[in-house]
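Nothing in this text is a laboratory measurement; each read-out follows from the coordinates by a stated rule. Predicted model only: the values in this text are computed from it and were never measured. For neighbour counting, all protein chains shown are included, and Cβ atoms are generated from backbone atoms with ideal geometry for every residue, glycine included.
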Amino acid sequence: MIQPAKHIANVKYAIRNIAAEAARLEAQGKKILPCNIGDPLRFDFATPPHLVEAVTKALRDGHNQYVASAGLKEAREAVAAHLKPAVRPEDVFITAGVSEALDLALTALLEAGDEVLLPSPGYPLYNAIAARLQAKVVPYFLDESKGWALDADDIASKVSPRTKAIVICNPNNPTGAVATRAQLEAVLAVARKHNLVVLSDEIYDRLLFTGEHVPTATLCDDVPLITLNGLSKAYLCPGWRVGWLAFHTPKLLANVATAVQRLADARLCGPGPFQYAIKPALTGPQDHIPEAMKKLRSRRDLMVTRLRAMPGVSLVEPQGAFYALPSLNREWAGGDEAFVLELVRETGVLFVHGEGFGQKPGTQHFRVVFLPQESVLSAAFDGLEQFLRARA
Ligand code: PLP
């Protein structure tokens, strides 16, 4: 029996792990109410037709060859012009989703043993990539008592001589919190002071319920900054695997950009035909976004009303994206993973446990994805409420 490399044991992705248990239950005939995966296409959302048309045309026109490793020229130009502030096309790399963008950027930056500050709770892919690189994850805690705010003091207290980078996720998965200008400025001040690279994952920037999204790059030109975004969420085509990263301070990051180029060359290129959707996505009709937000807003409101009426649950109302991270304010034997597993086995209601996203020690949460139709959400909250009341 051949053994895999030991450090792969630290590569975990709770969202898909818990889905595997649900698939097992479903195969046994259990009806699952899926509130666990952030893929709008599994529910009543559809890819905008003009993007399907652009990709179909690219395929028909024979654009099935490898493209440049940094991406299609017209796509890089469209992203460069769209970003705030605009960058040069050569500062943009088109990738197989934000996932690959994160992988390229972190691989180019982190040596084994380097420290990277990651949000907690936060998106587990950051941790998985760091684990693969054998970098040390230093979690910084978002402040639940202040609406899951970014806490620059906590970040500053965790900087060490080995710290290389800070990842921020705004709006955040799994909390749905949107960072304020002041919070971002405070984090940038920490990065400036210690010469840390900031990676700003802004994949949910168009999906807002209230207020505005402040692009991190509009707040500084003197901190090494890489932003990441893509088509998966706001443009409703996650399976196409289209994302990008942009270097906003090329003078500070020229060597890192060269390293990313070498890594990008070594994996040939991102999926070519799908990159033909980038320009029409960024410059064409945007009507699908307010349409999607209308649905999401009433689903969010339903969720907030239902969860706030449940015993032992409290909730920070999400301001963006399609996630919420309610707190489970009672002891649960085995922690929130046991809670989520018991819940799905008994009721079919499927959430992801807070522990899978990291959280302050001693706290318990579960992540709700409120993409499903209201009938599904209502049934899911009925199941959750009965489950909790039976154990109150
Ligand atoms: N970043 C965050 C915060 C996400 O929630 C996700 C997917 O859920 C990704 C990145 C991955 O996006 P992509 O489909 O572009 O790889």
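Shown in residue order for segment 163-170 are the 3J(HN,Hα) couplings computed by the Karplus curve 6.51 cos²θ - 1.76 cosθ + 1.60 at θ = phi - 60°: 5, 10, 8, 10, 9, 10, 10, 9 Hz (x for Gly and Pro). Note on segment 1-73: Cα convex hull, mean projected area over all directions, 10.2 nm². Which angle from 0 to 90°, rounded to the nearest 10, does the C-alpha axis of helix 49-60 make with the longest principal axis of the chain? It is inclined by approximately 50 degrees. Relative contact order of the chain, taken over Cα pairs closer than 8 Å and 6 or more residues apart, is 24 percent. Of all lysines in the structure, the ones whose alpha carbon falls short of 26 Å from that of residue 164, not counting any fewer than 8 places away in one chain, are 6, 12, 84, 136, 193, 251, 360.
Fewest neighbouring Cβ atoms within 10 Å first, the residues 18, 226 line up as 18, 226. First measure r as the distance between the Cβ atoms of residue 294 and residue 27, then evaluate 1/(1 + (r/R0)^6) with R0 = 56 Å and state the FRET efficiency to the nearest 0.05. Efficiency, rounded to the nearest 0.05: 0.95. Largest GNM mean-square fluctuation among 187, 116, 352, using the chain with Cα springs under 10 Å: 187. For segment 249-392, the C-alpha radius of gyration sits at 1.43 times the compact-globule guess of 2.2 N^0.38 Å, with N the residue count. Look at where the Cα atoms of segment 282-328 and of segment 339-392 average out, and the two centres are 15 Å apart. For the pair residue 160 and residue 210, label points projected 7 Å from Cα toward Cβ lie 3.9 nm apart. Computed from Cα positions, the angle between helix 73-82 and the longest principal axis of the chain comes to roughly 70 degrees.
Computed on the Cα trace of segment 64-283, the radius of gyration divided by the Kirkwood hydrodynamic radius gives Rg/Rh = 0.94.
The C-alpha atoms of the chain define a longest principal axis, and helix 288-308 lies at about 30 degrees to it.
Take the Cα of residue 360, step 7 Å toward its Cβ, do the same at residue 189, and the gap between the two points is 2.2 nm. Using 0.36 nm per residue and subtracting the Cα-Cα separation, the extra length available between residue 17 and residue 338 on full extension is 114.2 nm. A DSSP coil position with no more than 15 other Cβ atoms inside 10 Å describes the following trypsin sites (Lys or Arg not before Pro) in segment 202-303: 267. Of the GluC sites (Glu not before Pro) in segment 283-392, the ones in a loop by DSSP (not H, G, I, E or B) with at most 11 other beta carbons within 10 Å are 331. Summary value for segment 64-283: 29 percent relative contact order, contacts being C-alpha pairs under 8 angstrom separated by 6+ residues.
Using R0 = 51 Å, the C-beta based FRET efficiency linking residue 65 and residue 308 works out to 0.40. Over the chain, DSSP H runs of length four or greater, each weighted -39,500 (n - 2.57), average out per residue to a 222 nm ellipticity of -12000 deg cm²/dmol. Among beta bridges identified by DSSP and lying wholly in the chain, the antiparallel ones come to about 45 percent. Label separation (residue 262 vs residue 9): 3.2 nm, computed from points 7 Å beyond Cα along the C-beta direction.
In segment 64-283, the DSSP beta bridges split such that about 35 percent are antiparallel, to the nearest 5. Under 16 Å of direct C-alpha separation, and excluding same-chain neighbours fewer than eight residues apart, residue 294 reaches these lysines: 233. What FRET efficiency comes out for the pair residue 218/residue 330, r = Cβ-Cβ distance, R0 = 51 Å, nearest 0.05? Calculated value: 0.75. Scaled to the globular estimate 2.2 N^0.38 Å, the Cα spread of the chain, given as radius of gyration, is 0.98.
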